[in-house]
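The values are calculated or read from the model by the stated rules, or taken from the named source; none is laboratory data. Since the model is a prediction, treat every value here as computed from it, not as a measurement. Methodologically, a virtual Cβ is constructed for each residue, glycine included, from the backbone with ideal geometry; neighbour enumeration extends over all protein chains shown. All accessible areas refer to the heavy atoms of the entire protein, side chains included, with ligands and DNA or RNA removed. Shrake-Rupley method; radii C 1.70, N 1.55, O 1.52, S 1.80 Å.
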Amino acid sequence: MTPGMKTPSSDVPVRAVQAYLGFCLLLAVLQIVLTYALSLGDIKVVNFLVPLSLSAANLLLGWHMVSRSPMALWNPFVWFLLASSLYYGLGQTVHLFGNPDTIERVNSLYVVDAVGLARTNLLHTVGILSIVGTYLITGAIRRLALHRSG
């Protein structure tokens, strides 16, 4: 590697990813507390806010990575964030805003009630949090290994 050349792991926006992880952790804790503290009628608010907040956080982190380095557009992690925003953010709101035919079609595969949807949203939040955390940790390990070897 030539001197002054950026390594792929140096493109990891550590502070932005750390802020994202903190937000997702807070979102997961709030979701657990609110899911069990609210009545069944109020849980729809949680089922609306959590997926949209997760989606916004994913899109902001992806935008930060691409605005920092346009080559990050080719990083699969950015596309993972975009896909997660669509599937686990916008897709989860179909139970709240979809027409009855769409909801019936979705429920034909697997029936989900309001409490089940809240649990699914928590699963998505923790799963994406784990993947992004692993991305940050492997970037740090790679950066440390490159520093030791060079």
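Here are the numbers:
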| read-out | value |
| --- | --- |
| Only one of Gly91, Gly116, Gly41, Gly98 that is within 30 Å of Val12 (Cα to Cα) and at pLDDT below 90 | Gly91 |
| Criterion violated by Arg119 - all others in (1) outside any loop (DSSP other than H, G, I, E, B); (2) without any contact (Cβ under 8 Å) to a residue 60 or more places away in the chain satisfied | (2) |
| Failed criterion for Ile141 (all others in (1) loosely packed, with under 12 Cβ neighbours inside 10 Å; (2) modelled with pLDDT under 90; (3) of a type in the set (A, V, I, L, M); (4) assigned to a helix (DSSP H, G or I) hold) | (2) |
| Which listed residue, of Leu81, Leu73, is in contact with a helix residue (DSSP H, G or I) (Cβ under 6 Å, 6 or more places away or on another chain), in a helix (DSSP H, G or I), crowded, with 17+ Cβ neighbours inside 10 Å and modelled with pLDDT of 90 or more | Leu81 |
| Number of positions in the range 35-60 that are assigned to a helix (DSSP H, G or I) and either surrounded by fewer than 18 Cβ atoms within 10 Å (Cβ to Cβ) or in contact (Cβ under 8 Å) with a residue 60 or more places away in the chain (or both) | 18 |
| Boolean, Gly98 is under 22 Å from the mean Cα position of the chain (by Cα) and open to solvent by less than 50 Å² (accessible area, probe 1.4 Å) | no |
| Residue check, Ile32 modelled with pLDDT under 85 and open to solvent by less than 60 Å² (accessible area, probe 1.4 Å) | no |
